[in-house]
Structure formats: structure tokens, C-alpha cells
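Quick note: the coordinates plus some simple rules give every number you see, no bench work behind them. Here the structure is a predicted model, which means the values were calculated and not measured. In this analysis, Cβ positions are derived from the backbone assuming ideal geometry, glycine residues included, and neighbour counts consider all displayed protein chains.
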């Protein structure tokens, strides 16, 4: 199987595997960012946000799993050392030092927008070359866009709640 997948993408194999590993590292960082955010976040809508963060964390972990499978199918090796994630990732992990719900949401929104951009880049790279990776990237991209929208909705709801309480 790996030789067939490698043959199909032969001219772009290194680029695709490198980008998949970058995204793999970013997904692990996103998983942790959501998971730890769910543990420490405080403020308006906390229970709903904790549930959403845990759902997102589980989806990010699923993305990492699928990316690892694809990297292996292409004959590559997923990033083996978690210490390398920060070096390889272009989307940065931001520790939730300010635990207010709005601040943690904004940090995750920045991360989601970065992920959307990188999955879009992977789609462009794979279009016409590697349809298996393209379909995987499209599926994950759709979920990342949904995450972005859900976070934007929470931020808007919190802001509106503040305005509605002062009227």
C-alpha cells in the first residue's frame, strides 16, 4: 500500500509528508490547548464552554490520529518526540495565562484561524496530485471552520450578554 501511495505523489512526497507532520504537531498542540483550557477556564458560560472545548479537544486528537495514519501510508514517520511539536508547528500553542472565558476563547480562535489557513494550503498542494490526502484535508478543514464559527458564536454571546445586562 505505501509504495502505491508513494508512487502517486512521488514528485511532491517530501512536501506533502512535511506538511502532514507540521499539521500533526499542530493538532497535538491544539488538543492540549483545548484540554487544558477546559480545565482552567472561568467566567461567563463556563459549563457550555468546557463541554465545547472537550469536544474540540477530542476532534483535534482524532485529526492527529488520521494525519499519522496518512503519513505512514505515504512511507513517512509521524513526529515521534513531543518536544519537536513546538519547533515544527507554525500554529502556536498559547498557554491560558488569563483564564477568563473570553480570553481563552480568543486564544483558541487565533489557533483555529491558523489551522484553517494551513489546511487550505494542504488542499491546494494536494489538488490534482494526491486525492486521498486532499479528501482528508477537506474533511478536517470543514471541522476546523466549524470550530472557528462555534468560538466566534460564544464570544458574541458573551459580549451580547454584557450589553443586555447593562440596558
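Quick look at the values:
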{"quantity": "Helix 131-166 vs. the chain, principal-axis angle (Cα, 0 to 90°, nearest 10)", "calculated": "10"}
{"quantity": "Degrees, to the nearest 10: 101-126 long Cα axis against longest axis of the chain", "calculated": "20"}
{"quantity": "Near-label residues of the range 109-126 by backbone N, under 18 Å of a point 7 Å along Cα→Cβ of residue 86", "calculated": "111"}
{"quantity": "222 nm mean residue ellipticity, helices alone, for the chain (DSSP H n ≥ 4; -39,500 (n - 2.57); rounded to 500)", "calculated": "-27000 deg cm²/dmol"}
{"quantity": "Cα pair distances of the range 107-148 binned at 10 Å [whole percent]", "calculated": "34, 49, 15, 1"}
{"quantity": "Longest to shortest principal axis, alpha-carbon extents of the chain, angstrom", "calculated": "64, 31, 21"}
{"quantity": "At R0 = 30 Å, FRET efficiency that the Cβ-Cβ distance of residue 120 and residue 39 yields, to 0.05", "calculated": "0.45"}
{"quantity": "Spin-label pair residue 55/residue 77, simplified geometry with 7 Å Cα→Cβ offset, distance in nm", "calculated": "3.8"}
{"quantity": "Förster radius 22 Å - calculated FRET efficiency between residue 110 and residue 15 (Cβ-Cβ, nearest 0.05)", "calculated": "0.30"}
{"quantity": "Sequence-separation-based contact order of the chain, relative, with Cα cut under 8 Å and 6+ spacing, percent", "calculated": "28"}
{"quantity": "Nearest 10 degrees, 0 to 90: helix 46-73 Cα axis against the chain principal axis", "calculated": "10"}
